[in-house]
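A short write-up of the structure that comes next.
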């Protein structure tokens, strides 16, 4: 099994993105994406040539208090501009597509450390949700999920790294 972990670079007031640090230090093959629609599209286009078995994308959610495993990539992008000043919304991501696409990386029976991690049905309306939706749409054979993380000031980097490594171990064991 080949697992690929992604993080995002800086954007808006996030000068050092914790998702970038976690992706770089989790021990798995990783890629860092610019916070732009074009970067996400180019990355997914390139992956279609040789898709990984599993794709775990990570992004920071400044207002979250826990790590959140996103269950759905919603077919919606808001009016926010990416780091290149481009916007795709407010609009459906795929006008002909369903309202949402279910993440395929999580198992219903997964037990979580409820103090630090929970499931979520709201991946937002910015690049994180866009990346999840588009990965699920363009890589149908790849087990795909998105993990939103809080800032390190809310949940310490060492604790997040330990939780991420545990999550990666579970994913690798499940799909071997």
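Derivation of every value follows stated rules applied to the coordinates shown; laboratory data play no part. The structure presented is a predicted model; accordingly, all values stated were derived computationally and were not measured. Note: ideal-geometry Cβ built from the backbone for every residue, glycine included; neighbour counts use all protein chains shown.
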Exercise for the section: Answer yes or no as to whether residue 39 is surrounded by 18 or more Cβ atoms within 10 Å (Cβ to Cβ) and within 15 Å of the chain's Cα centre (by Cα). Expected result: yes
Problem - Among (1) crowded, with 20+ Cβ neighbours inside 10 Å; (2) in contact with a helix residue (DSSP H, G or I) (Cβ under 9 Å, 6 or more places away or on another chain) - the single one residue 68 does not satisfy - result: (2)
Handout entry: Filter result (in contact (Cβ under 8 Å) with a residue 12 or more places away in the chain and either more than 25 Å from residue 85 (Cα to Cα) or touching a strand residue (DSSP E or B) at 6+ places or on another chain (Cβ under 9 Å) (or both)) within segment 40-56
Key = 40, 43, 47, 48, 51, 52, 53, 54, 55, 56
Exercise for the section: Consider only pairs whose beta carbons are under 6 Å apart and that are at least six residues apart or on different chains; among these, list those whose first residue lies in segment 152-176 and is free of Cβ contacts under 8 Å to residues at least 24 places away in the same chain and whose second residue is in a loop (DSSP other than H, G, I, E, B). Expected result: none
Problem - Whichever residue in segment 1-16 is more than 11 Å from residue 56 (Cβ to Cβ) and within 13 Å of the chain's Cα centre (by Cα) and, among such residues, is surrounded by the most Cβ atoms within 10 Å (Cβ to Cβ) - result: 8
Practice task
Would you mind listing the strands (runs of 3 or more DSSP E) fully within segment 57-176 where at least 1 residues are in contact with a strand residue (DSSP E or B) (Cβ under 7 Å, 6 or more places away or on another chain) and over 21 Å from residue 21 (Cα atoms)?
Solution key: 72-74, 100-102, 117-120, 143-149
